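Before any comments, here is the structure.
Values in this text are rule-based calculations from the coordinates and carry no lab data. Note that this is a predicted model, so its numbers are computed, not measured. A quick note on method: Cβ atoms are made from the backbone with ideal geometry, for glycine too, and the neighbour counts reach across all protein chains shown.
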């Protein structure tokens, strides 16, 4: 019922937009049509958004040219064409669209659709930042670090401070991390820096910045468990996989929370699903950004693998979920194939016992080798013991591969 109501609301909204667009005379309707295209993009209707942006861009509407460039750049609703995206961004940037300057800088930075030109990229980012672009200062700081020119550390900190002082939560978080990771500060500076870290992260967390909330949960863990749990929940609700894992583990162990394996399993599933979530560039109404970052930060990737392993343990024991060794084996395989050695060892054990998978010592050896290759040291002795055992046994149930 709720789904039908939601679909009906979307349909009514779309119909209302079409009626308004029909009544508003051209070219006054261009900004409204452009916003309708952004709405279509947000709903995943990339082909329809592409057609609308393309139509508007053909009439010279610069913001639509930028948005069309984003779809062409990312290959959404059309084939990916960097050269065409570059031309669209350049056209929109010359018309004063700030987001286009940012997007154009990213192509210059990567050498996509044009020759790589880091000087030009940094200049465009500076222009976009001065015009108030929310991402430009942070990207400029990252580029300064990448280029490693003399004095880059001070320059990077200065750029992040400018963005943080302007209230940008990602910059506030990054500035806090910059201080947090600096272990060379004099002793007399450490207390001041600790206070600054907390201030920046709290500012970012209050703006619902998930990584900052997760960092506060870690900081408060020893000194104030109640605060730690508060920020852990906030970060988990914001989709931060490492925070969701922490909440799942507390529920599974009964630490700081009543033990609840069913709730733990639900959070473990959310973490495991993080690897499948699409990475969508952000929207800055009414402009789109071709803004890329790693799909999963290293800590998030690690959280996904641990969640797969620990959820598999629940399925093997039947805690909070129906006992299902086959499902456990699927989860362990996913983690093992991602290079998580501990999961590979556990999967090898299932093949040795024939639990959830056919008994197969060849597969046992395969996954122990995978664990060793992944650098999981406890697997070394187990593999050596298995190799010694197999040397004296006929290969009746072995399928290496």
A correct fewest-to-most ranking of 33, 253, 79 by other Cβ atoms within 10 Å would be 79, 253, 33
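Going by C-beta contacts inside 10 Å, put 70, 38 in order with the fewest on the left.
So the residues, fewest neighbours to most, are 38, 70.
Quote to one decimal, in nm, the extra length available between residue 230 and residue 94 on full extension: 0.36 nm per residue of separation minus the C-alpha distance between them.
44.3 nm
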Using packing as a proxy for protection, rank 346-353, 212-219 so that the peptide with the highest average count of other Cβ atoms within 10 Å comes first. 212-219, 346-353
Fraction of alpha-carbon pairs in the range 324-401 farther than 18 Å apart, rounded to whole percent, equals 34
